[in-house]
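The values are calculated or read from the model by the stated rules, or taken from the named source; none is laboratory data. Everything numeric here is computed off the predicted structure, so don't read it as measured data. For neighbour counting, all protein chains shown are included, and Cβ atoms are generated from backbone atoms with ideal geometry for every residue, glycine included. Calculation scope for accessible area: heavy atoms of the full protein, side chains included, ligands and nucleic acids excluded. Shrake-Rupley method; radii C 1.70, N 1.55, O 1.52, S 1.80 Å.
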Amino acid sequence: MTSRVYRLHSTLELPLEDTYDFFEDPDLPEEIESIDITRRNNTLIVSAVATDESMSKYTPTAQLKASVTENRVYEEDPDEMGPPGAASTGSTGGGPQWGALEEEEEEIESELVEYACFKGDRETVLQNTALQYAMFEVLCEVAKVAEKGTLTAIAAVDEELEAIRIVDGEERPASINVVEDPAEDEEADGINWRDNEFIS
């Protein structure tokens, strides 16, 4: 029985350096021999290499796709600091020390950090059918090391539906609700825009 992922939504973010560290020695499902990581401009592509040697080398295997963005990270959150001038400027003068104040503001240490953002629905984050579920398991492991973001999914494992929810690195309880899809009823009464003579 082949396990499948039917619904997936991800808002995971983790530093690019941590992402590379994770994939240096990941605990991979038995169907995946190894992982290839390629960066194209601001896109990170993590591809599965199949253990099954009979699989054609031309078969596109599952891949995770992340956008790479830069965020400024402060050593101390500027919003949590006291009002300007609250700390001692080291000056004993009686007037305002504007120069000293500017120097103090510049002392907030910060750096630009690149983040891998696995964001979107299944087709955006998890692509291709071969080894799809195995690569989804890898994504779940990524979610457990990500400090920020949520991964939710519905998967079929051995013919049983399973709900997955990982928030800020922690697995959370999840359930599946079955709701009626009104789309089929609406199509009969809706306007067929493609055959509308007023739209060219």
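Got a sec to turn the phi values of region 136-142 into Karplus ³J(HN,Hα) couplings, 6.51 cos²θ - 1.76 cosθ + 1.60 with θ = phi - 60°, whole Hz, x for Gly and Pro?
5, 4, 5, 4, 4, 5, 4
At a Cα cut-off below 22 Å, give the lysines reachable from LYS148, other chains included and same-chain residues fewer than 8 away excluded.
In chain and number order, the partners are LYS65, LYS119.
For a quick check of your reading of the filter: which GluC sites (Glu not before Pro) in region 110-159 sit in a DSSP loop and have no more than 16 other Cβ atoms within 10 Å?
Details: sites: GLU111, GLU114, GLU123, GLU137, GLU141, GLU147, GLU159; in loops: GLU147, GLU159.
Of the GluC sites (Glu not before Pro), the ones in loops of region 110-159 whose Cβ has at most 16 other Cβ atoms within 10 Å are GLU147, GLU159.
Tell me the label-point distance for the pair GLU171, ASP25, using the 7 Å Cα-to-Cβ offset, in nm and rounded to one decimal.
Between GLU171 and ASP25, the label points sit 2.3 nm apart.
Need one value: the accessible area of ASP158 in square angstrom, 1.4 angstrom probe, rounded to the nearest 10.
100 Å²
Taking R0 as 30 Å, what's the FRET efficiency between ASP52 and GLU160 from their Cβ-Cβ distance, rounded to 0.05?
Step by step, r from the Cβ atoms, then E = 0.75.
Based on the Cβ-Cβ distance of ILE45 and LYS144, what FRET efficiency does E = 1/(1 + (r/R0)^6) give at R0 = 35 Å, to the nearest 0.05?
E(calc), rounded to 0.05, equals 0.95.
Tabulate in residue order the Karplus-calculated ³J(HN,Hα) for region 26-31, using 6.51 cos²θ - 1.76 cosθ + 1.60 with θ = phi - 60°, rounded to whole Hz; enter x for Gly and Pro.
Rounded to whole hertz, the list is x, 8, 9, x, 5, 6.
Given a 1.4 angstrom probe, I'd like the percentage of the accessible area of region 5-48 that is carbon and sulfur, rounded to a whole number.
Ligands and nucleic acids excluded, carbon and sulfur give 37 percent.
Given H placed 1.01 Å from N in the peptide plane, which residues other than close sequence neighbours of ARG7 have an amide H under 5 Å from its amide H?
The answer is ILE154.
Out of region 1-79, which GluC sites (Glu not before Pro) are coil in DSSP terms and have no more than 14 other C-beta atoms within 10 Å?
For GluC sites (Glu not before Pro) across region 1-79 that sit outside H, G, I, E and B with at most 14 neighbouring Cβ atoms in 10 Å, the list reads GLU30, GLU53, GLU75, GLU76.
Put MET135, MET55 in order of accessible area, largest first, 1.4 Å probe: what do you get? Could you put the intermediate results ahead of the total?
Working: MET135 0, MET55 60 Å².
Correct descending sequence by accessible area is MET55, MET135.
What figure in square angstrom, to the nearest 10, would you give for the accessible area of PHE22 with a 1.4 Å probe?
50 Å²
Applying 1/(1 + (r/R0)^6) with R0 = 41 Å to the Cβ-Cβ distance of GLU17 and VAL178, what FRET efficiency is obtained, to the nearest 0.05? Could you put the intermediate results ahead of the total?
Numbers: r = 42 Å, r/R0 = 1.02.
After rounding, the FRET efficiency stands at 0.45.
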